[in-house]
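Everything on this sheet refers to the single structure shown next.
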Amino acid sequence: MGLTGGIGSGKSEVARRLAAKGALVIDADLIAREVVEPGTPGLAEITATFGEAVLRPDGSLDREALGRIVFTDPGRLKALNAIVHPKVGARVAELQDAAPADAIVVYDVPLLAENDLAPMYDKVIVVDAEDTTRLTRLTTIRGMTPEDAEARIAAQATREARLAIADIVIDNNGPLSALDPQIAELWHELTDVAP
């Protein structure tokens, strides 16, 4: 299953809840962090492409500095994706190959719609929240400036584009408790179709 949602939609919360039910969650964001840790070829390529200004004093990637570069310039974002995505894909393949045959595997993929990945999955689950809700979450919970939050939202697919590829929509405009019945129903559906 592919799981996606725009930044601030609550996709990670849904992934955590599915993992608690027993799903094997493969988190593309975590893998994307792993493939650019200090000493990796990924970080070396990013530094060669974007310069030393995207490194913290300890040699790790300064994600905020890199974000300020790529989320306002589609060409630079494309260059970053060309470095990171193949490395993430290889690692995902390793994890998938290691999964038990009867596992319900949920791929937590933020850019599923942007990269036209829907055909790769049996079902696409979209965690949906209005842009105003997402903006509020990003500024209050994550501490982003309104400008950074708006740039990140604008750099991703629109709500309409994500909803167009959805087989299942999880509405996350309300409190977290509103997720419980939706997750229970989703888990029932996933276990009914599991091999």
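The values are calculated or read from the model by the stated rules, or taken from the named source; none is laboratory data. Nothing here was measured: the structure is a model prediction, and the numbers come from that model. A quick note on method: Cβ atoms are made from the backbone with ideal geometry, for glycine too, and the neighbour counts reach across all protein chains shown. Remember, those area values only see protein heavy atoms, side chains included, never the ligands or the DNA or RNA. Shrake-Rupley method; radii C 1.70, N 1.55, O 1.52, S 1.80 Å.
The figures follow:
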item	result
Convex hull of Cα atoms in the chain, direction-averaged projection (nm²)	11.2 nm²
Value of [θ]222 nm, deg cm²/dmol, for the chain, DSSP H segments ≥ 4, -39500 (n - 2.57) each, nearest 500	-16000 deg cm²/dmol
Net dipole in debye of the chain [+1 Lys, Arg Cβ; -1 Asp, Glu Cβ; about Cα centre; nearest 20]	320 debye
Nearest-ten-degree value, helix 74-98 long axis tilted from longest Cα axis of the chain	50 degrees
Kirkwood hydrodynamic radius (C-alpha pairs) into Stokes-Einstein, region 100-158, 20 °C and 1.002 mPa s, D in µm²/s	159 µm²/s
Peptide ranges 58-70, 28-40 listed from the most packed, as the mean C-beta count within 10 angstrom indicates	28-40, 58-70
Ellipsoid equivalent to region 113-195 - semi-axes via the Cα gyration tensor, in Å	26, 18, 9
For region 14-137, accessible area per residue (1.4 Å probe, heavy atoms of protein chains only), Å²	53 Å²
Nearby lysines by direct alpha-carbon distance to residue 78 (threshold 25 angstrom, same-chain neighbours under 8 apart not counted)	11, 87
Projected label distance in nm at residue 21 and residue 154, using a 7 Å step from Cα toward the beta-carbon	3.7 nm
Ordering of 15-21, 106-112, 45-51 by burial proxy (mean other Cβ atoms within 10 Å per residue, highest first)	106-112, 15-21, 45-51
Formal net charge of residues neighbouring residue 161 (Cβ-Cβ distance under 13 Å; K, R +1; D, E -1)	-3
Among 1-10, 167-176, the order from most to least packed when residues are scored by Cβ within 10 Å on average	1-10, 167-176
In degrees, nearest ten, helix 41-50 long axis to first principal axis of the chain (Cα)	60 degrees
Heavy-atom accessible surface of the chain: percent carbon and sulfur, 1.4 Å	55 percent
Cα centre as origin, Lys/Arg/Asp/Glu Cβ charges: region 103-175 dipole, Debye	180 debye
